[in-house]
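J.: The structure follows.
The values are calculated or read from the model by the stated rules, or taken from the named source; none is laboratory data. Everything numeric here is computed off the predicted structure, so don't read it as measured data. Methodologically, a virtual Cβ is constructed for each residue, glycine included, from the backbone with ideal geometry; neighbour enumeration extends over all protein chains shown.
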Amino acid sequence: MRRSGHRTGAEATSRGDPARQPGRRRPRLGARAGRLDESADGDRDRRACAPARARRGPRLEGGGRLMSTVGKPLTAGVDLGGTKIQTVVLRDEEIVASARVLTPQTGDAGDVIEAIAGTIRTSLGDAGANGDLRGIGIGTPGSIDADSGVVSLAANVPGFADHVELGPRVSQAMDGTKVTIDNDVRVGILGEYRRGAGRPFKNVLGVWVGTGVGGGLILDGELHDGRGAAGEIGHLIVKPGGRPCGCGRRGCLEAYAGRARMELRARQLHKQGHKTILFKIMEKSGRQRLSSGVYARALAKGDRMTQRLIDEATWALGIALASAQNLLDLEAIIVGGGLGDRLGQPFVDRVVEQMTPHLFVPDKPPLVLRTELGDLSGAVGAAVLAGG
């Protein structure tokens with residue numbers, strides 16, 4: 001199996017946590033850090049969702065279609081998530097169409113697979129394709145067997161908790177088109193490396209901060225697999241014996257910076273009597289979980305518990321990224337995922353501040369950047385993967 005992602009856990013603050021580090025000045029997130037969007041959860045702050053380089057490329061028409069589709073064969077990329085399915089179509093690594101639907105929350109894996117095929121067909125129709133689809137790539141959570149196209153343990157996707165022959169079944173639904181699958185975070189960093197913030201560099205780490213914390217590595221211009229689990233920065237230990245992680249160990253980065261564990265921490269603090277507006281915002285938004293948008297809106301309103309949770313997350317990220325940098329001497333680190341994209345530059349600045357004191361060569365730090373493709377990173381990377 002290629003790799004598996006773990007998403008959940010938490011416990012009390014301790015001596016190494018940022019709240020216990022007096023005298024440290026931090027850039028503030030929220031109302032004073034300017035301008036986190038207070039709109040609905042599906043929206044993003046403008047800087048996060050409008051990648052600079054994408055603006056200089058061909059413009060999308062209404063419905064996600066681009067002006068020109070003349071040239072080389074097409075490849076389609078799919079970013080499969082627990083809440084949405086995002087598809088793009090590339091021609092010569094330029095986006096020519098895109099489509100997005102909600103992931104079916106009822107039914108079984110077959111319903112999800114049909115939704116995937118449907119978004120691909122929609123995008124191909126928008127691109128004016130005439131049977132020239134070269135391949136399909138899919139980035140998916142869970143444990144991946146890339147050779148067989150089988151996914152398992154993707155519990156956040158309905159029907160995917162057990163083995164699902166995702167590649168073969170999507171291929172069958174798309175008239176035998178070749179399908180390649182890989183881990184969702186790895187294809188995300190591939191997308192940023194080829195078409196986004198990572199383009200100028202040969203050695204890049206991508207860190208996706210969302211429900212959990214995942215990573216992907218580009219070394220010497222190649223996506224680095226190791227023995228199948230390279231880039232699992234979410235399970236790098238930032239505090240030995242610290243908070244429990246969903247992987248069964250203690251002190252992992254994900255135990256402090258993964259959104260699921262942050263929510264568990266928030267519920268513990270709230271139960272102890274600490275005040276917060278997080279859960280009121282969540283309920284008002286019709287959410288059942290603390291989404292990235294809920295955190296953003298609470299920060300914008302100056303909620304102290306949210307500030308504390310973000311302090312803990314950026315403290316842990318700073319330690320982990322410094323350790324990765326000291327080992328690999330990277331040119332750049334790209335921060336994405338739900339929290340990374342939604343909280344934007346103030347979040348990245350805070351991570352850099354926490355990382356810098358731990359660098360062995362502080363006069364040559366890596367550039368720490370936000371994603372340029374935003375939530376298209378995964379789909380673009382999957383399409384690049386499909387093109388070989």
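J.: Restricting to the range 262-278, name every residue that is farther than 13 Å from Tyr295 by Cα and in contact (Cβ under 8 Å) with a residue 24 or more places away in the chain.
T.: Hits for the range 262-278 are Leu264, Arg265, Gln268, Leu269, His270, His274, Lys275.
J.: Also, I was wondering about something else. Collect the residues in the range 356-376 that are in a helix (DSSP H, G or I), in contact with a Ser or Thr (Cβ under 9 Å, 6 or more places away or on another chain) and closer than 24 Å to Ala316 by Cα, keeping them in residue-number order.
T.: Across the range 356-376, the qualifying residue is only His358.
J.: Further question on the same structure: Consider Thr140 against the criteria (1) closer than 24 Å to Gly337 by Cα; (2) in contact with a Lys or Arg (Cβ under 9 Å, 6 or more places away or on another chain): it satisfies all of them except one. Which criterion is unmet?
T.: If we test Thr140 against (1) closer than 24 Å to Gly337 by Cα; (2) in contact with a Lys or Arg (Cβ under 9 Å, 6 or more places away or on another chain), just (2) comes out false.
J.: Find all pairs meeting these conditions: Cβ atoms under 9 angstrom apart; at least six residues apart or on different chains; first residue within the range 335-358 and on the phi < 0 side of the Ramachandran plot and not assigned by TED's automatic domain parsing to the domain that holds Gln307; second residue of a type in the set (S, T, N, Q) and assigned to a helix (DSSP H, G or I).
T.: none
J.: Output the residues belonging to the range 92-117 that are within 22 Å of the chain's Cα centre (by Cα), of a type in the set (S, T, N, Q) and under 15 Å from Gly82 (Cβ atoms).
T.: Once the filter is applied, which keeps residues that are within 22 Å of the chain's Cα centre (by Cα), of a type in the set (S, T, N, Q) and under 15 Å from Gly82 (Cβ atoms), the range 92-117 yields Thr103, Gln105.
J.: Also, quick follow-up: How many residues does the range 331-346 hold that are more than 17 Å from the chain's Cα centre (by Cα) and either in a helix (DSSP H, G or I) or surrounded by 22 or more Cβ atoms within 10 Å (Cβ to Cβ) (or both)?
T.: Within the range 331-346, residues that are more than 17 Å from the chain's Cα centre (by Cα) and either in a helix (DSSP H, G or I) or surrounded by 22 or more Cβ atoms within 10 Å (Cβ to Cβ) (or both) number 1.
J.: Mind counting the residues in the range 226-256 that are closer than 19 Å to Asp182 by Cβ, surrounded by fewer than 17 Cβ atoms within 10 Å (Cβ to Cβ) and either charged (D, E, K, R) or not assigned by TED's automatic domain parsing to the domain that holds Thr306 (or both)?
T.: Residues flagged as closer than 19 Å to Asp182 by Cβ, surrounded by fewer than 17 Cβ atoms within 10 Å (Cβ to Cβ) and either charged (D, E, K, R) or not assigned by TED's automatic domain parsing to the domain that holds Thr306 (or both) within the range 226-256 amount to 1.
Okay, residues lined up against (1) of a type outside the set (Gly, Ala, Ser); (2) out of contact with any strand residue (DSSP E or B) (no Cβ under 8 Å at 6 or more places or on another chain); (3) closer than 14 Å to Ala383 by Cα:
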position: Gly81; (1), (2), (3): no, yes, no
position: Asp92; (1), (2), (3): yes, yes, yes
position: Thr103; (1), (2), (3): yes, no, no
position: Asp111; (1), (2), (3): yes, yes, no
position: Ala115; (1), (2), (3): no, no, no
position: Ile120; (1), (2), (3): yes, no, yes
position: Asp126; (1), (2), (3): yes, no, no
position: Arg134; (1), (2), (3): yes, no, yes
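J.: Checking Asp162 against (1) more than 14 Å from Arg370 (Cα to Cα); (2) surrounded by 24 or more Cβ atoms within 10 Å (Cβ to Cβ); (3) charged (D, E, K, R), which single condition isn't satisfied?
T.: Tallying (1) more than 14 Å from Arg370 (Cα to Cα); (2) surrounded by 24 or more Cβ atoms within 10 Å (Cβ to Cβ); (3) charged (D, E, K, R), Asp162 fails exactly one: (2).
J.: Just wondering, is there one or more residues in the range 95-115 that are basic (Lys, Arg), in contact (Cβ under 8 Å) with a residue 12 or more places away in the chain and within 14 Å of Ala386 (Cβ to Cβ)?
T.: No: the range 95-115 contains no residue that is basic (Lys, Arg), in contact (Cβ under 8 Å) with a residue 12 or more places away in the chain and within 14 Å of Ala386 (Cβ to Cβ).
J.: Only one residue in Arg261, Arg297 is in contact with a Cys (Cβ under 8 Å, 6 or more places away or on another chain) and closer than 23 Å to Val335 by Cα, so which one is that?
T.: The unique qualifying residue is Arg261.
J.: Search the range 285-323 for residues being at pLDDT below 95 and part of a helix (DSSP H, G or I), and hand back the single one that is surrounded by the most Cβ atoms within 10 Å (Cβ to Cβ).
T.: Gly293
J.: What number of residues in the range 218-235 are in contact (Cβ under 8 Å) with a residue 60 or more places away in the chain and not in a loop (DSSP other than H, G, I, E, B)?
T.: Of the residues in the range 218-235, 4 are in contact (Cβ under 8 Å) with a residue 60 or more places away in the chain and not in a loop (DSSP other than H, G, I, E, B).
J.: While we're on this one: Run Thr211 past the list (1) within 24 Å of Cys245 (Cβ to Cβ); (2) part of a loop (DSSP other than H, G, I, E, B); (3) not assigned by TED's automatic domain parsing to the domain that holds Trp315 and report the number of the one that doesn't hold.
T.: (3) is the only condition that Thr211 fails.
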